[in-house]
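Just below is one structure, and these are the notes that go with it.
The values are calculated or read from the model by the stated rules, or taken from the named source; none is laboratory data. Predicted model only: the values in this text are computed from it and were never measured. No Cβ is skipped: glycine too gets one built from the backbone with ideal geometry, and neighbour counts run over all protein chains shown.
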Amino acid sequence: MKEDIRFLAGNYDIVVIGAGHAGCEAALAAARMGKKTLILTMSLDAIAMMACNPNIGGTGKGHLVREIDALGGEMALITDASMIQFKMLNTSKGPAVHSLRAQADKRQYHVNMKQVIENENNLDLKQAEAIRIDVDGGKVKGVLTRTGGYYKTDAIIICTGTYLKGRIYIGEVNYEGGPSGLFPANALSQSLKDNGIQLKRFKTGTPARVHRDSIHLEKMELQEGDSDIVPFSFMTESVNIDQVPCYLTYTNESTHDIIRQNLSRSPMYAGHMESVGPRYCPSIEDKVVRFFDKTKHQIFVEPEGRDTKEMYIQGFSTTLPEEVQLLMYQSVEGLEDCQIMRPAYAIEYDCIDPTQLRRTLEIKTIENLYFAGQVNGSSGYEEAAGQGLIAGINAVLKLNGREQIVLDRSEAYIGVLIDDLVTKGTDEPYRMMTSRAEYRLVLRQDNADLRLTEKGYDAGLVREDRMGKFLSKKDQLEKEILRLKGTIITPKPEINVYLMELDSVPLKSAITLYELLRRPELNYKRLTNLDVNRPDLDKNIITQIETQIKYEGYIAKQFKQIEQFKKLENKKIPENLDYNDIKGLRLEARQKLSKILPDSLGQASRISGVSPADINVLMIYMEQKKRMKESDE
Amino acid sequence: MNIGTIAAAATSPGIAGIGIVRVSGNKSLEIVTNIFKSKNGKSLAELAYRKMYYGWIIDPENEKVIDEVLVVYMKAPDTYTREDIVEINCHGGIISVEKILRLLLDQGARLAERGEFTKRAFLNGRIDLTQAEAVMDLVSAKTKNSFELSLHQLEGRLSREIETIRQNLMDLIAQIEVNIDFPEYDEEEMTMDDILSISREIAQKIEKLVQSSETGIIYKEGLKTLILGKPNVGKSSLMNYLLNENRAIVTEIPGTTRDTIEEFVNLAGVPLKIIDTAGIRNTEDIVEKIGVQKALEKIEEADLILMVFDASKELEVEDLMIIDHIKGKNVFYLLNKTDLKEMISFDRLEYVKKELIRISIMNNEGLEEIEKKVRKEFLSGKLNIDNDTIVSNIRHKNLLVKAKQSIYDVIASVENGLTLECVEVDIMDTLAYLGEITGASVKEDLMDKIFSEFCIGK
């Protein structure tokens, strides 16, 4: 190391490597919590770059953004400031699975985030490639850059996305490269390996970008946004924008024929790529091969921003050669004359095996070294941001000697995400889905603030203005629920007539407003005439109340399950436990437990290969130890 | 993990004079109080603890007496597990114990895992470290075998049947999850009508399995068989024939206070539990002896009735009376004493005549016909024991009952207009209960299914 250091570039509490969605959240959290923070990026023009699809949110992902917001993160605010279209997904289903999704102006998103970072006290932003981490005595010491600059630091957060040893594949052509035409980071991987960190190789892909003027948009289905825009952030009062539409078209048999004829030219099908890609994000050739009986596939055409003519062709990612891409794109209705501006490509990159991490996102083997985002085997901007935020908060808490934040599976989607990654690992880039959460009815996007604001405040990231606004909302909510429970409606004739007008059964005896609201055909608004003394409440408080009432039985059921879940979750396992000492554990369980080092019996029970009986053995052993200790004292 | 009130048989399932069922946990007093009626009329909660009381275990659903018992309540912490414990001393053998156990589970107890009483004893500080080591061995021994157990303990057919139901549910859930997680894709939307019809089908299948558990438990406990006939037709000879040589599985289990003697015989591979043999032994007419009402109860209870006629005598009122009482039951009509001059005639009883099995117990003739008929009726006939999937394990039955409840919740939720994600919760529960029987986990399977069967993603 010494011989490579050309100059001492500075002293920091925390250095964040990478300024993508994870890096930005990590750095902002660290700086805002009072640490002198440096964020390094390969290119200042690629800060918070949306390298793939031009949207934020979606099912599960929208939930993540709301949670990031509640904890004091930045993503929701930037999204509100950069969106060009808004949609609430799943409105035909219940509120637990309503999901916010925005089309974002990519350039605007980048500019907005860059400005926030530039304006943050305590935070320095530098363009430099980190090539080595300096570890001494199992503890983080510094970071070396390509130009020989050495930054001394107490903690490092690695958020390298898909840059590590990035390799681009387009048909028979492949070369070293980062995302979206940027350079790859070729050196850092070796430094991680030298420090005993296990790497794996993942891949992901993105479709081509096509010039808007070359598309016959009039031949496609128009996809407009909702007239009513719900902001992502609790702090945003409203979003007032002219929305931009998206478009929908379909592939056809001739597209599929072109793909089949050229399959051997796809590096994946030709066997030149051995890395694992995500199943939920298949290339078009994958779709055609695996779902051969489908005669057409959806293609969404989405603007990349207001000031650009680049259009993102969702559903059409591919590793076929550039000239084949043009052929197959042009076989689609509306794209007959299309002109490709950037070809589709697949990128292969190094990531770490996330089971090396604790649930705090610190790696088990090196003190004060944290990892967040795609480098942990996840996929998606929101997943990255969620991890970045937690890593940033925890690095600070650790340096301050405070207890770090571990959100569990009953508290947040972020908890589910991190727990899945570090406990089970992943064989493909991990995407959040609501079906991964056990307690979906409790983990709603509409109550993310109620679930997490106080945690963010306790950690020191949520500021007084947000906390004040939150407490006032919470207070109004609680008061209103009490009022509804205390307001009795009697079966007077005029009331029953009114109920019958609403297709609701007339009352036989007195009932509270709260109980009345349980009826599926009624809602808060429809009862206005029966409830003249109601306070003037914010729309989202009303939604909140309705959701709570309508779901009550199911929520109660989930709370009961959560109670059971917490019992094991709260049984903490000391990290220095030697599993080889434990008689009765099966070999497989012993190996898995020694590798994962679960922090609680709950986490241990989720490791694949650890059976309920192993957990029993473990529990008895821990109790035994505890007693021995007590009798010693 | 130390959750809930647990119950298990404390005595081994073999043949014994008494059986003990033990209940431990904070609800044990409450649970047993619900099903115990003491002789002095006081409820168990009102009685002194650490004293043994005489009384009856009553099924609270229908007030039926299950068994007469001695019950003792031991108050925490001075008990084996350091929790409240109730012990029920009942009649030995498996029947009484299992019945009581089932009642306890209905009342909210959970079947104890192997070693769980001891485990609780340890966790609650009752036993020391060396003893705890033994517990760990016990628990881990279970681990080593658990895989094998799940394979062998289950009837292959049962796990196949449950697997089919699970697959149906899995298809349903995967579709729902795709609809929820990928709403913008043109995958088919699962309608509430679809969910309703699939759930109903599944409910039916589960219902059938639950019913079969009754049959299965009959199979395990024996077909309750009643031998009927007027005096002196050869009932006791038949009994003796059935009991001879290797057929007897269990000879007497005399109840301590009852005069009923139960006999188990293995006939053509079907276990028969011959009930109310006392009357038969004395060759007294059961109708006369215990009165019509009692006799009817016995008939009601029986799975199989062997009705014996005397070929050498004409049909009498008594015969007709019995025939009348056993209408609609599973009856084998046996015409005995066919070695003598035949006087009997069934002219007005065509259906009996058609079914008659002619035997002579004296000359050992025709008896193999009974075996044949048993085989025909019970191994491939009406009850179809061999072809239907049979649940003969209480744990499995309980999980099936829970699964059934959950799938009915699904149906109710759909009918009440609840949304997809609520309905899904109950489907998930159903799946989880079935998974507990076969040991399959839901999450991973589901992800695989979603990705392998639906074309989604950018």
Exercise. Could you please find all residues in segment A:84-114 being charged (D, E, K, R), away from every other protein chain (no Cβ under 14 Å) and surrounded by fewer than 22 Cβ atoms within 10 Å (Cβ to Cβ)?
Key: A:ARG107, A:LYS114
Exercise. Give A:ASP465, A:ASP446 a once-over and let me know the one that is within 14 Å of chain B (Cβ to nearest Cβ) and touching a residue at least 12 places away in the same chain (Cβ under 8 Å).
Key: A:ASP446
Self-check item: Tally, over segment B:165-190, of residues that are assigned to a helix (DSSP H, G or I) and either within 12 Å of A:THR59 (Cα to Cα) or within 11 Å of another protein chain (Cβ to nearest Cβ) (or both)
Solution: 8
Quiz item: Across segment A:558-588, which residue is surrounded by the most Cβ atoms within 10 Å (Cβ to Cβ) among those that are among the aliphatic types (A, V, I, L, M) and either in contact with a Cys (Cβ under 6 Å, 6 or more places away or on another chain) or farther than 13 Å from A:ALA604 by Cα (or both)?
Solution: A:ILE582
Quiz item: Across segment B:306-333, what is the total count of residues that are in a loop (DSSP other than H, G, I, E, B), within 13 Å of B:LEU228 (Cα to Cα) and of a type in the set (A, V, I, L, M, F, W, C)?
Solution: 1
Quiz item: Which ones in segment A:556-585 are of a type in the set (S, T, N, Q) and within 14 Å of another protein chain (Cβ to nearest Cβ)?
Solution: A:GLN558, A:GLN561, A:GLN564, A:ASN570
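Every residue, every condition in (1) outside any helix (DSSP H, G or I); (2) surrounded by 18 or more Cβ atoms within 10 Å (Cβ to Cβ), yes or no:
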{"residue": "A:ASP154", "(1), (2)": "yes, yes"}
{"residue": "A:ILE157", "(1), (2)": "yes, yes"}
{"residue": "A:GLY161", "(1), (2)": "yes, yes"}
{"residue": "A:ILE168", "(1), (2)": "yes, yes"}
{"residue": "A:TYR175", "(1), (2)": "yes, no"}
{"residue": "A:PHE183", "(1), (2)": "yes, no"}
{"residue": "A:SER189", "(1), (2)": "no, yes"}
{"residue": "A:LEU192", "(1), (2)": "no, yes"}
{"residue": "A:GLY196", "(1), (2)": "yes, no"}
Self-check item: When residues of segment A:586-607 are limited to those that are in a loop (DSSP other than H, G, I, E, B) and touching a residue at least 60 places away in the same chain (Cβ under 8 Å), the one nearest to the other protein chains (Cβ to nearest Cβ)
Solution: A:ARG606
Quiz item: Of all residues in segment B:334-354, which are basic (Lys, Arg) and within 17 Å of B:PRO231 (Cα to Cα)?
Solution: B:LYS337
Quiz item: If you go through segment A:253-291 one residue at a time, how many are in a loop (DSSP other than H, G, I, E, B) and more than 14 Å from chain B (Cβ to nearest Cβ)?
Solution: 10
Exercise. Hey, can you tell me all the residues within segment A:227-240 that are surrounded by 15 or more Cβ atoms within 10 Å (Cβ to Cβ) and not hydrophobic (A, V, I, L, M, F, W, C)?
Key: A:PRO231, A:SER233, A:THR236
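The rows are residues; the columns are (1) under 29 Å from B:ASN124 (Cα atoms); (2) surrounded by fewer than 21 Cβ atoms within 10 Å (Cβ to Cβ).
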position	(1), (2)
B:ILE6	yes, no
B:THR11	yes, yes
B:SER24	yes, no
B:SER43	yes, yes
B:TRP56	no, yes
B:ILE66	no, yes
B:PRO77	yes, yes
B:ASP106	yes, yes
Practice problem: Tell me which residues, restricted to segment A:1-34, are part of a helix (DSSP H, G or I) and either in contact with a Phe, Trp or Tyr (Cβ under 7 Å, 6 or more places away or on another chain) or buried (at least 22 other Cβ atoms within 10 Å of the Cβ) (or both). | Solution: A:HIS21, A:ALA22, A:GLY23, A:CYS24, A:GLU25, A:ALA26, A:ALA27, A:LEU28, A:ALA29, A:ALA30, A:ALA31, A:ARG32
Practice problem: Please work out if A:LYS550 is within 12 Å of another protein chain (Cβ to nearest Cβ) and within 17 Å of A:SER410 (Cα to Cα). | Solution: no
Exercise. Could you tell me which numbered condition A:VAL610 fails, if it satisfies all but one of (1) at pLDDT 85 or above; (2) not in a loop (DSSP other than H, G, I, E, B)?
Key: (2)
Quiz item: Quick one: how many residues across segment B:321-353 are without any contact (Cβ under 8 Å) to a residue 60 or more places away in the chain and under 17 Å from B:ILE370 (Cβ atoms)?
Solution: 9
Quiz item: Which strands (runs of 3 or more DSSP E) sit wholly inside segment A:292-345 and have at least 2 residues that are within 14 Å of chain B (Cβ to nearest Cβ), touching a strand residue (DSSP E or B) at 6+ places or on another chain (Cβ under 9 Å) and of a type in the set (S, T, N, Q)?
Solution: none
Self-check item: Qualifying residue in segment A:565-579 (condition: outside any loop (DSSP other than H, G, I, E, B), at pLDDT 85 or above and acidic (Asp, Glu))
Solution: yes
Self-check item: Single residue of segment A:35-53 satisfying the filter (surrounded by fewer than 24 Cβ atoms within 10 Å (Cβ to Cβ) and within 29 Å of B:GLU184 (Cβ to Cβ)) that is farthest from the other protein chains (Cβ to nearest Cβ)
Solution: A:ALA46
Practice problem: Pull up segment A:613-633, narrow it to residues that are part of a helix (DSSP H, G or I) and more than 8 Å from every other protein chain (Cβ to nearest Cβ), then point me to the one that is surrounded by the most Cβ atoms within 10 Å (Cβ to Cβ). | Solution: A:LEU618
Quiz item: Taking B:ALA48, is it modelled with pLDDT of 85 or more, of a type in the set (A, V, I, L, M, F, W, C) and more than 23 Å from the chain's Cα centre (by Cα)?
Solution: yes
Quiz prompt | Members of segment A:262-296 that are within 18 Å of B:VAL178 (Cα to Cα), surrounded by 19 or more Cβ atoms within 10 Å (Cβ to Cβ) and either more than 28 Å from the chain's Cα centre (by Cα) or modelled with pLDDT of 85 or more (or both) | solution = A:LYS287
Quiz item: Restricting attention to segment A:60-83, does a residue exist that is β-branched (Val, Ile, Thr), closer than 25 Å to B:GLU421 by Cα and either within 13 Å of chain B (Cβ to nearest Cβ) or not in a loop (DSSP other than H, G, I, E, B) (or both)?
Solution: yes
Quiz item: Looking at segment B:105-112, is at least one residue away from chain A (no Cβ under 14 Å) and assigned to a helix (DSSP H, G or I)?
Solution: yes
Practice problem: Could you tell me whether segment B:409-428 includes any residue that is part of a loop (DSSP other than H, G, I, E, B), within 11 Å of chain A (Cβ to nearest Cβ), at positive phi and modelled with pLDDT of 80 or more? | Solution: yes
Exercise. Could you tell me which of the residues A:LYS126, A:LYS141 is in a strand (DSSP E or B), in contact (Cβ under 8 Å) with a residue 24 or more places away in the chain and either surrounded by fewer than 20 Cβ atoms within 10 Å (Cβ to Cβ) or at positive phi (or both)?
Key: A:LYS126
